[in-house]
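One structure is given below, encoded as structure tokens.
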Amino acid sequence: MKLARMFLIVVFMFSITGCLEWWDGPSGPSTPGTLYINGQEEYQDGDYDDAIELFQRVTEEYPLSEYAIPAELGIADSYFSDEDYISAEANYSDFMDFHPTSENLPYVMYQIGLCHYRQMLGIDRDQTEAHMAVKSFEKLISRFPSSKFSFLAEKKLKECRRKLGEHEFYVGKFYFNIGQYRAAIGRFKTIEEKYAHLGMGYKTAYFIREAKNRLAEKEKKTAEKAD
């Protein structure tokens with residue numbers, strides 16, 4: 001009886017050990033290829049946290065593997081698809097720093113621009129992200145003018161510039177409505193100088209004329225009171 005029980009225990013322990021050797025958690029065997037493929041599958045299913053975990057295992061456990069660089073992009077893409085644009089931008093920027101000659105740079109630079117583009121606010125809000133998007137897209141176009149990503153960036157760049165022009169007009173009109181005509185003129189002139197091709201020329205010119213006329217009247221009345 002004792003021998004039979006000991007035999008069952010040994011068999012049980014052997015079976016557990018065998019399973020552990022074959023099974024390495026939910027991602028299967030711990031090889032860079034299988035980890036990366038599993039990460040891709042998790043990404044396609046929208047399980048971005050799991051995808052990031054698997055891609056990170058590739059970069060940390062197999063940094064010299066052929067899958068390490070794709071896994072770095074996988075991490076950044078997972079954050080991007082999960083709408084965590086701050087983390088995505090940080091990972092894309094790290095990729096640029098560590099792989100300055102990579103053939104994936106046009107894509108990475110475009111994604112950095114998109115990270116800022118996706119965070120742009122309305123024309124009545126701060127436009128820092130729009131400015132950052134413009135800077136990123138312009139850098140891509142300047143460095144890789146023939147890339148398909150530069151072509152895509154051109155379209156986004158126009159949208160960003162329009163939003164910045166509309167923001168300037170919004171602020172200019174606000175100053176105009178409260179009687180701050182000098183400040184209003186400054187905003188409208190900025191549109192003429194920086195955003196001349198947005199189709200806003202007619203209404204911008206009108207408000208500049210009106211602001212100058214009202215400013216002249218205001219200064220005239222002030223002078224008359226002083227006398």
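What follows draws every value from the coordinates through simple rules; no lab data is involved. This one's a predicted model, so the numbers in the text were calculated from it and none came from an experiment. Cβ: placed from backbone, ideal geometry, glycine included. Neighbour counts: every protein chain shown.
Here are a few things to note about the model shown:
- When Rg and the Kirkwood Rh are both derived from Cα coordinates, the Rg/Rh ratio for the range 69-122 amounts to 0.97.
- Rough spin-label spacing in nm, given labels placed 7 Å along Cα→Cβ, for Asp124 and Asp49: 3.6
- Summing Cβ point charges (Lys, Arg +1; Asp, Glu -1) relative to the Cα centre of the range 127-208 gives a dipole of roughly 140 debye.
- Annotation: peptides 104-117, 52-65, 145-158, ranked by per-residue average of other Cβ atoms within 10 Å with the highest first, follow the order 104-117, 52-65, 145-158.
- For the range 184-227, diffusion coefficient by Stokes-Einstein and Kirkwood Rh (Cα), 4 °C, 1.567 mPa s, µm²/s: 113
- With kT/(6 pi eta Rh) evaluated at 37 °C and eta = 0.692 mPa s, and Rh the Kirkwood radius from Cα pairs, the range 23-137 diffuses with a coefficient of 221 µm²/s according to Stokes-Einstein.
- Placing a label point 7 Å from the Cα of Gln180 along the Cα-to-Cβ direction, the residues of the range 186-227 whose backbone N falls under 13 Å of that point are 186-188.
- In this entry, the chain is assigned a mean projected area of 20.7 nm², taken as a quarter of its C-alpha convex hull surface.
- Relative to the current alpha-carbon distance between Thr101 and Lys221, full extension at 0.36 nm per residue lengthens the span by 36.7 nm.
- Between 0 and 90°, nearest 10: helix 32-44 axis offset from the chain longest Cα axis: 50
- Angle between the chain longest axis and helix 148-177 axis [Cα atoms, degrees, rounded to 10]: 40
- Under the criterion of Cα pairs below 8 Å and six or more residues apart, the relative contact order for the chain equals 9 percent.
- Space enclosed by the convex hull of the alpha-carbon atoms of the range 77-185, per residue, Å³: 105
- Leu64/Lys148 FRET efficiency (R0 25 Å; Cβ-Cβ; nearest 0.05): 0.25
- Hydrodynamic radius of the range 47-92 per Kirkwood, over alpha carbon pairs, in Å: 10.2
- Extent of the range 25-78 along its three principal axes (Cα atoms, max minus min coordinate, largest first): 27, 23, 13 Å.
- Centroid-to-centroid, using Cα positions, the range 120-144 and the range 193-220 are 26 Å apart.
- Placing +1 on each Lys and Arg Cβ and -1 on each Asp and Glu Cβ, with no other charges, gives the chain a dipole about its Cα centre of roughly 1900 debye.
- Angle between the chain longest axis and helix 2-22 axis [Cα atoms, degrees, rounded to 10]: 30
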